[in-house]
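The values are calculated or read from the model by the stated rules, or taken from the named source; none is laboratory data. Fair warning: this is a prediction, and the values are worked out from it, not measured in the lab. Note: ideal-geometry Cβ built from the backbone for every residue, glycine included; neighbour counts use all protein chains shown. The accessibility values were calculated without ligands, DNA or RNA, using every heavy atom of the protein model including side chains. Shrake-Rupley method; radii C 1.70, N 1.55, O 1.52, S 1.80 Å.
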Amino acid sequence: MKGGHVVGLHFVFVLILLLLTAVNGDAGGDFTGHSSKLSGIIIPGFASTQLRAWSILDCPYSPLDFNPLDLVWLDTTKLLSAVNCWLKCMLLEPYNQTDHPECKSRPDSGLSAITELDPGYITGPLSSVWKEWLKWCIEFGIEANAILAVPYDWRLPPSKLEERDLYFHKLKLTFETALKLRGGPSLVFAHSLGNNVFRYFLEWLKLEIAPKKYIQWLDDHIHAYFAVGSPLLGSPETVKATLSGHAFGLPVSEGIARSMFNSFGSSIWMMPSSKYCRTDNAYWKHFSSGSRKGHMAYHCDEHEFQSNYSGWPTNIINIEIPSPRGDEAYPSFGEIAQANLSGMECGFPIQLSFSAREVSDGTFFKAIEDYDPDSQRLLYQLQKSYHGDPVLNPLTPWDRPPLKNIFCIYGIDMKTEVGYYFAPSGKPYPDNWIITDVIYEIEGFLGSRSGNTVEGNPSAVSGDETVPYNSLSWCKTWLGPKVNITRAPQSEHDGSDVQVQLNVEHQHEADVLPNMTRSPRVKYITYYEDSESLPGKRTAVWELDKTNHRNIVRSPVLMRELWLEMWHDIHPEKKANFVTKAKRGPLRDDDCYWDYGKARCAWPEHCEYRYIFGDVHLGQSCRLRNSSADLLLHYV
């Protein structure tokens with residue numbers, strides 16, 4: 001560990017003043033008020049909040065019992081020694097989402113609930129989520145009351161979060177408390193499923209606030225929204241987990257993992273969906289009917305039926321079933337079955353394929369309900385908690401939220417699963433399905449685990465190892481009619497490898513791709529930023545090469561860009577809507593390193609060799625110069 005933080009005290013003091021002090025302005029990126037202070041509100045992703053026991057549970061044949069406030073998610077010691085007890089505290093009743101009769105768990109609160117899921121010398125680093133992010137905040141002197149975490153029970157569907165825990169009422173109160181405490185609006189940092197939660201909150205808020213005050217409330221309380229690794233159109237891995245389980249790296253069988261995952265109402269929240277299918281607007285239906293209750297029609301436009309795969313690279317699921325059923329089972333399935341059964345004898349295994357739309361509208365689960373006991377439960381939750389939700393059907397494409405500043409950030413060019421082949425395993429539930437092949441997108445191509453040729457519509461690049469590119473990049477449709485594109489190395493650079501395209505035409509609800517080169521040895525970050533946008537609104541998309549879904553919140557590159565963008569955003573002498581990308585130098589002691597080729601510290605204008613007792617190699621002794629307080633002026 002380095003010990004030179006005190007040396008850059010003047011630099012840190014300047015950064016704190018600039019980061020925490022707002023200025024008057026009338027541009028979309030400014031917020032008004034003298035000495036106003038920003039707050040950061042963190043909404044974690046799926047399985048990224050600690051759950052604690054709220055029961056007393058005696059575990060037979062194990063010395064470890066569960067007592068109130070004991071860690072449940074995640075305590076690997078109790079998981080290994082008393083897995084049946086642990087499951088009682090994790091499982092929910094699949095229909096009404098209530099706790100097990102013998103044990104209940106509730107989300108922990110505060111920042112400690114999201115930093116490390118399983119604290120410990122060995123397990124802590126392995127389960128770290130937001131810990132590195134918080135260390136950055138502390139290193140730059142951000143006050144403790146400026147960072148607020150809003151953990152939630154990630155097992156529940158959105159409506160149950162409000163019904164059981166009043167989560168969205170509490171989230172609204174958190175924003176209002178932050179405004180009163182700090183005197184300024186908040187920055188929202190959401191990761192993965194946390195973005196879905198925030199989207200639902202914005203729709204829920206429309207029904208809680210007078211229509212004329214809704215936009216004003218957003219402007220007063222939310223300065224910017226950072227959507228990190230957002231599954232805007234869902235993820236196929238969710239479907240895989242419902243059929244074969246997802247163990248999250250835990251020492252449990254896939255069958256146990258599947259039973260647990262399918263008991264959660266949130267298991268459907270990130271199902272892949274079609275970009276061409278929507279529901280009626282719940283907001284206007286609320287005012288026209290005078291009631292929040294009632295089914296909202298789910299309909300698709302003509303593009304859904306004219307294009308292949310619902311706008312995805314390929315079909316999500318290809319599955320063998322033991323025997324065909326008649327047309328009465330389900331209209332859509334009947335049509336599919338007839339197309340696949342021609343010339344086949346009854347009872348012979350057949351393979352059916354299902355697109356993203358047929359997954360999200362229930363066609364797939366209806367087709368296999370005779371062969372899978374979980375399908376009926378999933379269909380119930382799908383209709384009750386998603387298509388029938390009175391606030392929002394989450395399985396529909398996102399429109400741009402009505403916020404002033406939005407930054408959509410995700411990793412790309414990782415090998416990402418986009419489709420699966422399943423077949424009966426011959427084993428009893430929950431191990432009754434087996435994956436026979438997996439389809440991947442790999443840097444603009446489709447491949448399979450078996451090596452078979454794959455037909456489809458691959459994206460220009462691949463996703464972040466968990467969410468495919470077409471789902472992550474849906475936020476590009478939020479960009480304005482003209483876009484500035486910049487590609488720069490992720491590491492510190494002098495600007496020699498920066499490429500820029502200005503005022504690129506962007507069609508509504510279309511992707512925009514750069515005409516730029518890449519060096520195979522360099523990891524880049526590509527910025528898409530509004531050149532023209534709606535008055536008072538800014539949108540930016542950042543694509544980070546070779547950054548996976550989970551680790552992006554721990555990326556020092558992401559943290560550096562966030563700090564620079566926010567510092568630039570509130571600077572009184574800023575010259576552009578977004579921070580310059582022309583150069584990136586060191587900001588912290590950790591950014592300085594030893595250049596063995598030149599036998600000196602790299603970036604000599606900003607870093608110097610200064611040994612402190614305890615340094616064990618040359619790089620540790622490279623630290624920021626005392627005179628580096630003006631470093632950030634390069635980014636105005």
Note: THR98 to LEU69 extended length (0.36 nm per residue) minus current alpha-carbon separation gives 8.6 nm
Along the dipole axis of the range 177-235 (charges at Cβ: +1 for Lys and Arg, -1 for Asp and Glu; origin at the Cα centre), the most positive-end residue among TYR200, TYR225, LEU179 is LEU179
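So what's the convex hull volume per residue for the Cα atoms of the range 41-114, in Å³?
97
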Taking protein heavy atoms only, a 1.4 Å probe, and rounding to whole percent, the accessible area of the chain owed to carbon and sulfur comes out at 54
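Order the peptides 66-79, 358-371, 216-229 from the highest to the lowest mean number of other Cβ atoms within 10 Å of their residues.
358-371, 216-229, 66-79
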Stretched fully, the stretch from GLU320 through LYS180 gains (0.36 nm per residue minus C-alpha distance, one decimal, in nm) 44.6 nm
Full extension between TYR380 and PHE348 adds, at 0.36 nm per residue less the Cα distance, a length in nm of 8.6 nm
Burial-style ranking of 95-105, 37-47, 495-505, average other-beta-carbon count within 10 Å with highest first, yields 37-47, 95-105, 495-505
About its Cα centre, the chain carries a charge dipole, from +1 on Lys and Arg Cβ atoms and -1 on Asp and Glu Cβ atoms, whose size in debye to the nearest 20 is 1480
Nearest-0.05 FRET efficiency for ASP301 and ASP280 at R0 = 22 Å, using Cβ-Cβ distance, is 0.95
Counting only protein heavy atoms and rolling a 1.4 Å probe, one gets per residue an accessible area for the chain in Å² of 41
For HIS506, the accessible surface traced by a 1.4 Å probe with all protein chains present amounts, in square angstrom to the nearest 10, to 10
Protection proxy (average C-beta count within 10 Å per residue), highest first, orders 308-314, 248-254, 420-426, 407-413 as 407-413, 308-314, 420-426, 248-254
Taking N as the number of residues in the chain, the ratio of its alpha carbon radius of gyration to 2.2 N^0.38 Å works out to 1.00
